[in-house]
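Engineer: Below you will find the structure I want to go over with you.
The values are calculated or read from the model by the stated rules, or taken from the named source; none is laboratory data. All values derive from a computational prediction rather than experimental measurement. Every residue, glycine among them, receives a Cβ derived from its backbone with ideal geometry; neighbour counts consider all protein chains shown.
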Amino acid sequence: MTESDGDEGWFAGVEPDDVESGARAIQEGSADAPADWPERAVETGFADDEAEYYATLREASIRATREAVTERERADDRQLVHAVRAMDDCESEANELAERVAEWAGTLYPDAGTGIAYARELAETDPETPVEKQVVSLAERVADLAAERDDLRAFVERQAPAVAPNLATLADPVLAARLIALAGGLESLAKMPGGTVQVLGAENALFAHLRGHASSPKHGIIYTHEAIRAAPHDQRGSAARTLSGKLVIAARIDHYSGEPNPELKEELDRRMETIHSRGEQ
């Protein structure tokens, strides 16, 4: 609402049966102070009585909420989340089916191999018996899933730098996407403290620690980052804290401004070089 609309309420200029306009008015409107909106709605002829006003308000509010949720689901970071989760699902399913192919093929071929690579190889062969036909067909499914995984990874590697340029630079596109997915979105990741980001993906270990059954985890999924894997064992906790802190800063810049900041990567590299050198002394 504009300032002049303040006395008339969100329903000013809205037809009672126009739910779309009512939803837009609720999304875009504001008022400086509360007022008796049902009474004013009746006075202006928007509603016959208070019950009709609330019924119309409810319908418009539901429409506005549904549109807001839909818009969020279509946001770039949400699409990135769906893509990386689908990629991991394809990876998991392909590996599981590849094991089944290897076991089955082992009963038919003395030189049967293992893994997705073998399934792809087997998928290119010509079966000679009904049983071989089924095994080859299953191998083709593995090959298809692996190909879909590769396509999704390529999409993630293209999309992540566009959605979160600083995060993708500090981590890598796939790790950045997984962090966003684990956090529930870029905005949620940007609002997390570094300590929480540090253990994202290690929730089971963290809960075990809280129950007194395990030591506190030093890192979660960020362990896949080269800076942590390459760090001396006794410095990995320090490397994880440093990395998670920088990743949070990167996520915040990406969410609130979206402007690339090369200095973040330079600072991270300097800090990691110092941490790595401690283990060499």
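Engineer: Restrict the check to segment 232-244 and report whether at least one residue is part of a loop (DSSP other than H, G, I, E, B), surrounded by 15 or more Cβ atoms within 10 Å (Cβ to Cβ) and either in contact with a Lys or Arg (Cβ under 6 Å, 6 or more places away or on another chain) or at pLDDT below 90 (or both).
Structural biologist: yes
Engineer: Let me ask something else. Give the residues of segment 169-215 that are modelled with pLDDT of 75 or more and of a type in the set (Ser, Thr, Tyr), sorted by residue number.
Structural biologist: Selection gives 169, 188, 196.
Engineer: Residue check, residue 218 against (1) modelled with pLDDT of 85 or more; (2) surrounded by 15 or more Cβ atoms within 10 Å (Cβ to Cβ), all met but one. Which one?
Structural biologist: Of (1) modelled with pLDDT of 85 or more; (2) surrounded by 15 or more Cβ atoms within 10 Å (Cβ to Cβ), only one is false for residue 218: (1).
Engineer: Residues 120, 141, 158: which one is of a type outside the set (A, V, I, L, M, F, W, C) and either under 18 Å from residue 78 (Cβ atoms) or surrounded by 21 or more Cβ atoms within 10 Å (Cβ to Cβ) (or both)?
Structural biologist: Working: 120 fails: either under 18 Å from residue 78 (Cβ atoms) or surrounded by 21 or more Cβ atoms within 10 Å (Cβ to Cβ) (or both); 141 fails: either under 18 Å from residue 78 (Cβ atoms) or surrounded by 21 or more Cβ atoms within 10 Å (Cβ to Cβ) (or both).
Only one candidate qualifies: 158.
Engineer: Anything in segment 16-46 that is closer than 17 Å to residue 62 by Cα and either in a loop (DSSP other than H, G, I, E, B) or not aliphatic (A, V, I, L, M) (or both)? List them, or say none.
Structural biologist: 16, 17, 18, 20, 21, 22, 24, 27, 28, 29
Engineer: Considering each of 100, 58, 40 in turn, give the residue that is farther than 18 Å from residue 152 by Cβ, surrounded by fewer than 13 Cβ atoms within 10 Å (Cβ to Cβ) and either aromatic (Phe, Trp, Tyr) or modelled with pLDDT of 80 or more (or both).
Structural biologist: Working: 100 fails: surrounded by fewer than 13 Cβ atoms within 10 Å (Cβ to Cβ); 40 fails: surrounded by fewer than 13 Cβ atoms within 10 Å (Cβ to Cβ).
Answer to the check: 58.
Engineer: Here are 128, 148: which of them is outside the structural domain of residue 244 (by TED's automatic domain parsing), not β-branched (Val, Ile, Thr) and not in a helix (DSSP H, G or I)? Outline the logic, then answer.
Structural biologist: Numbers: 148 fails: not in a helix (DSSP H, G or I).
Matching residue, one of 128, 148: 128.
Engineer: Okay, next question. Would you point out which residue out of 98, 102 is in a helix (DSSP H, G or I), in the same structural domain as residue 157 (by TED's automatic domain parsing) and under 30 Å from residue 179 (Cα atoms)? Before the answer, list the steps.
Structural biologist: On the way: 102 fails: under 30 Å from residue 179 (Cα atoms).
None of the others qualify; the one that does is 98.
Engineer: Does residue 8 qualify as being buried (at least 16 other Cβ atoms within 10 Å of the Cβ), farther than 16 Å from residue 55 by Cα, at pLDDT below 75 and not β-branched (Val, Ile, Thr)?
Structural biologist: Here the answer is yes, as residue 8 does meet what is asked.
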